[in-house]
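Undergrad: Let me give you the structure first, and then I'll get to my questions.
The values are calculated or read from the model by the stated rules, or taken from the named source; none is laboratory data. The model shown is predicted, which means the values in this text are computed figures rather than measured ones. Here the Cβ is made from the backbone with ideal geometry for all residues, glycine too, and neighbour counts use every protein chain on show.
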Amino acid sequence: MTWTLRRASVEDAGAASLVAGAGFLETFAGVLTGPDIVAHVAAKSAPAVFAAWIADPLSAVTLAEHPDGGAPVGYTVLTAPDLPVAMQPGDVELRRIYALSITRGTGLGAALMTRATADARASGHARLLLGVKATNNRARAFYERQGFALAGERRFLVGETWHDDVVYARAV
């Protein structure tokens with residue numbers, strides 16, 4: 001399947017927010033509490049949050065669309081790093097990368113990672129950082145297949161509950 005990947009515009013903030021909420025719910029239902037999921041999505045994935053990232057010249061939001069009808073099915077967000085690891089010149093954070101379960105096994109995740117890496121390189125960045133829930137073995141295996149290595153740890157608040165994350169890094 002050939003997915004459409006394109007830079008999001010401010011008009012896409014609602015679509016990106018929709019995918020963010022659905023992706024977070026798919027990933028963490030049964031892992032995190034319902035109230036924490038709802039609070040996290042409301043605070044961290046609202047259309048206004050995406051609009052701010054899209055408008056920020058130091059950030060990049062990419063939207064993935066289904067080839068049949070153009071429905072949003074995935075996205076990435078690159079931003080200035082906000083992680084508790086020693087920063088290096090040229091660091092950028094892959095703050096978000098999600099693809100809905102309908103896309104599993106199609107290569108969309110790898111295509112989103114390739115695009116994020118290319119965008120980081122084109123913007124002059126040298127290292128890609130990301131944080132992931134320490135127990136999210138599926139995501140961790142994906143990142144490791146993509147060449148990421150452990151770079152640190154952090155605590156991450158979702159709703160009202162703190163969780164342990166790991167931080168990964170790789171050269172772009």
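Undergrad: Would you mind stating whether Ala80 is in contact with a Phe, Trp or Tyr (Cβ under 8 Å, 6 or more places away or on another chain) and of a type in the set (Gly, Ala, Ser)?
TA: Spelling it out, it is not the case that Ala80 is in contact with a Phe, Trp or Tyr (Cβ under 8 Å, 6 or more places away or on another chain) and of a type in the set (Gly, Ala, Ser).
Undergrad: Which count do you get for residues in the stretch 7-42 that are under 21 Å from Leu63 (Cβ atoms) and either of a type in the set (A, V, I, L, M, F, W, C) or more than 15 Å from the chain's Cα centre (by Cα) (or both)?
TA: 17
Undergrad: Give the residues of the stretch 86-121 that are surrounded by 20 or more Cβ atoms within 10 Å (Cβ to Cβ), part of a helix (DSSP H, G or I) and either at pLDDT below 95 or β-branched (Val, Ile, Thr) (or both), sorted by residue number.
TA: Passing the criteria: only Thr117.
Undergrad: Consider Thr62 carefully, then state whether it is touching a Leu at 6+ places or on another chain (Cβ under 6 Å) and within 23 Å of Thr135 (Cβ to Cβ).
TA: No: the conditions fail for Thr62.
Undergrad: Further question: Please verify whether Phe142 is at pLDDT below 95 and hydrophobic (A, V, I, L, M, F, W, C), treating the condition exactly as stated.
TA: So Phe142 fails the test.
Undergrad: In addition: Thr114 - would you say it is out of contact with any Lys or Arg (no Cβ under 8 Å at 6 or more places or on another chain) and within 20 Å of Thr2 (Cβ to Cβ)?
TA: Judged against the criteria, Thr114 is a match.
Undergrad: It is to be established whether one or more residues within the stretch 67-83 are in contact with a Gly (Cβ under 7 Å, 6 or more places away or on another chain), under 16 Å from Thr114 (Cα atoms) and of a type in the set (Phe, Trp, Tyr).
TA: Within the stretch 67-83, not a single residue is in contact with a Gly (Cβ under 7 Å, 6 or more places away or on another chain), under 16 Å from Thr114 (Cα atoms) and of a type in the set (Phe, Trp, Tyr).
Undergrad: Here's something else I'd like to know. Which numbered condition in (1) assigned to a loop (DSSP other than H, G, I, E, B); (2) surrounded by 15 or more Cβ atoms within 10 Å (Cβ to Cβ); (3) of a type in the set (A, V, I, L, M, F, W, C) is the only one that Phe142 fails?
TA: Unmet condition: (1).
Undergrad: Quick test of your reading of the structure: Leu150 fulfils all but one of (1) under 23 Å from Ala60 (Cα atoms); (2) part of a strand (DSSP E or B); (3) among the aliphatic types (A, V, I, L, M). Name the failing condition by number.
TA: (1)
Undergrad: Select from the stretch 128-167 the residues that are charged (D, E, K, R) and under 30 Å from Thr2 (Cβ atoms) and list them in ascending order.
TA: Arg138, Arg140, Glu144, Arg145
Undergrad: Residue by residue through the stretch 122-139, note down the ones that are assigned to a helix (DSSP H, G or I) and within 22 Å of Asp165 (Cα to Cα).
TA: Matches in the stretch 122-139: Asn137, Arg138, Ala139.
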